[in-house]
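Asks: To start, I am sharing the structure in question, which I have written as structure tokens.
The values are calculated or read from the model by the stated rules, or taken from the named source; none is laboratory data. Keep in mind it's a predicted model, so treat the numbers as computed, not measured. With ideal geometry, Cβ positions are generated from the backbone for all residues, glycine too; neighbour counts draw on all protein chains shown.
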Amino acid sequence: MLVQKDFEKIYNDYRNQSEQQSSLEVRQEPLNGQEEIIAVRKNDSGEIIAFKTNTGRELDYITALEEAKSGKIAHIDVFHKYGREIIRSEPDGIIENNLSNLPIF
């Protein structure tokens, strides 16, 4: 006998579990002395050009990129797009902590 699966329910359960896990992970302190991005600066086109960390440091894009690649900044990823390296927040399902949604400094 063929058993019908409720694909939507299974997916929603998966998403809920992921969101709960993400919120637990977000509450954890950065490890090994890593800093966190708490604010951004944007240019007139709305592109992020600088970052402020939880220690008060203000980093230009290139410095933040290098520190992210070396693991000095928590909760952000570096990936390749448009032929260059891009900084983005770790995908965790929480819109509020996306870099573009952080406060402006």
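Asks: Examine segment 69-90 for a residue that is closer than 29 Å to residue 16 by Cβ, touching a residue at least 60 places away in the same chain (Cβ under 8 Å) and of a type in the set (S, T, N, Q), and state whether such a residue exists.
Replies: no
Asks: Further question on the same structure: Which pairs do you get when a residue that is surrounded by 12 or more Cβ atoms within 10 Å (Cβ to Cβ) and at pLDDT below 80, found in segment 11-38, comes within reach of a residue that is not aromatic (Phe, Trp, Tyr) and not in a loop (DSSP other than H, G, I, E, B), reach meaning Cβ atoms under 7 angstrom, with the pair 6+ apart or on two chains?
Replies: 26/97; 30/36; 30/74
Asks: All but one of (1) surrounded by 12 or more Cβ atoms within 10 Å (Cβ to Cβ); (2) at pLDDT 95 or above hold for residue 56; which doesn't?
Replies: Unmet condition: (1).
Asks: Could you tell me whether residue 77 is assigned to a loop (DSSP other than H, G, I, E, B) and either within 11 Å of the chain's Cα centre (by Cα) or exposed (fewer than 10 other Cβ atoms within 10 Å of the Cβ) (or both)?
Replies: No; evaluated as a whole, the condition is false for this residue.
Asks: Moving on. Which number in (1) of a type in the set (Asp, Glu); (2) within 30 Å of residue 12 (Cα to Cα); (3) without any contact (Cβ under 8 Å) to a residue 60 or more places away in the chain marks the one condition that residue 60 misses?
Replies: Only one criterion in (1) of a type in the set (Asp, Glu); (2) within 30 Å of residue 12 (Cα to Cα); (3) without any contact (Cβ under 8 Å) to a residue 60 or more places away in the chain is unmet by residue 60, namely (2).
Asks: Give segment 80-103 a look and list any residue that's among the acidic types (Asp, Glu) and assigned to a helix (DSSP H, G or I), or say none.
Replies: 96
Asks: I'm trying to understand the selection: among the residues of segment 60-74, which are crowded, with 19+ Cβ neighbours inside 10 Å and either under 20 Å from residue 43 (Cβ atoms) or modelled with pLDDT of 95 or more (or both)?
Replies: 64, 65, 67, 68, 73
Asks: Any residue that is of a type in the set (Phe, Trp, Tyr) and part of a strand (DSSP E or B) - is there at least one of those in segment 53-68?
Replies: no
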